[in-house]
Amino acid sequence: MQSDVLPFTMYDSMNYSSVNDFGPPSGFAHRDAPVVQSRQEEPPIQQPQMQMQMQQQQQPQMQQQMQQQQPQMQQQQPQMQQQPQEGNDELIRQIYTKNDEISLGEAPMKIKGPDIGNYAQVSDLLYIGIAVLFVEVVVIFMVRFLPDIFGQSLNRWYDLFSLNAVIADVLIIVLGFVIARYIYTLVVKPKYGKGKWSPLMFTGVTVVTQLLHDLGFYYGVIQQVPQGQNMMMDVFKDYAAAGGAKILFGDSVMMIFSSLIAMLLKSQPTHVVASFGLLITYAIPYILFTKNKYSVLK
């Protein structure tokens, strides 16, 4: 006799970890139970077709947005064309406004240079000293090779005192720079320069300082020393009588060029400054003993 119950597999229902044991065993089935056929799934829509449908739906919206943005783009186009020129102007403006520099006027009409006017920066005296020494060597060259222009008194000055004359010339100009640095830093820069470095103002201060020094030295020292008491003062008297106001002009030119060269040297590497100073010092003895028609050298 055939049983109504299909054969089944016996399972362990005493394991507390098996939650499925609360229901009928998976292997138990009744003969009359309806058979459920699995539903055949529909094939999914392919991805490219979905993308095309989305693009077709969004295309009218995109066209409408482009039509709305077109007037704005036409307005921005001239501004975009001006951006390269404005960028170049900004770059030029940044170049002329570096740290420790000031621009006089708007670009491209500018005068700039490193700050050598602060008396607290003692290291700047090295650049100033080498610059003054260079200007002195150039002057000696012109005095020796252009004697008709510079006259007999300057040739006698260098013939009689040689290196002593060079030391006196260089130190008197460097001393003028030292005084001018105090005046510029304490008076001119905060009051007239708005606290900013100005090469033009500083150079002007050096020229005024040198002119005042020359006048004070002539009337306060040279004129007060009797003739024959000091050989240098005697040569100075002859030189002042022969040169007159030209001496003031010459000293002013020396101060201007010394200031410009000192700023140029400060912007150079240290090895360039040292090499330049050694080269100038090396040339001094040779140019001092160059003869011309006014020479008193034997």
Specify whether the C-alpha gyration tensor of segment 214-298 places it in the rounded, prolate or oblate class, a ≥ b ≥ c being the square roots of the eigenvalues: rounded for a/c under 1.5, otherwise prolate if a/b is larger than b/c and oblate if not.
oblate
What accessible area per residue, rounded to a whole number of Å², is obtained for segment 125-213 using a probe radius of 1.4 Å?
47
Once a ≥ b ≥ c are taken as the square roots of the eigenvalues of the Cα gyration tensor of segment 143-298, is the result rounded (a/c under 1.5), prolate (a/b larger than b/c) or oblate (a/b not larger than b/c)?
oblate
Projected label distance in nm at V174 and Q61, using a 7 Å step from Cα toward the beta-carbon:
8.1
For segment 188-298, what's the relative contact order in percent, using C-alpha pairs closer than 8 Å and at least 6 residues apart?
22
Contour minus Cα-Cα distance for V221 and N118 (0.36 nm per residue)
34.1 nm
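Between L126 and L260, 0.36 nm times their residue separation minus their Cα-Cα distance comes to what?
Full extension of this stretch gives 46.8 nm more.
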State the three equivalent ellipsoid semi-axes of segment 141-217, derived from the C-alpha gyration tensor as the square roots of 5 times its eigenvalues, in descending order and whole Å.
33, 13, 10
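The values are calculated or read from the model by the stated rules, or taken from the named source; none is laboratory data. Predicted, not measured: the structure shown is a model, and the values here were computed from it. Quick reminder, even Gly has a Cβ in these numbers, built from the backbone with ideal geometry, and neighbours come from all protein chains shown. Accessible surface is based on the protein model in full, side chains and every heavy atom, while ligands, DNA and RNA are left aside. Shrake-Rupley method; radii C 1.70, N 1.55, O 1.52, S 1.80 Å.
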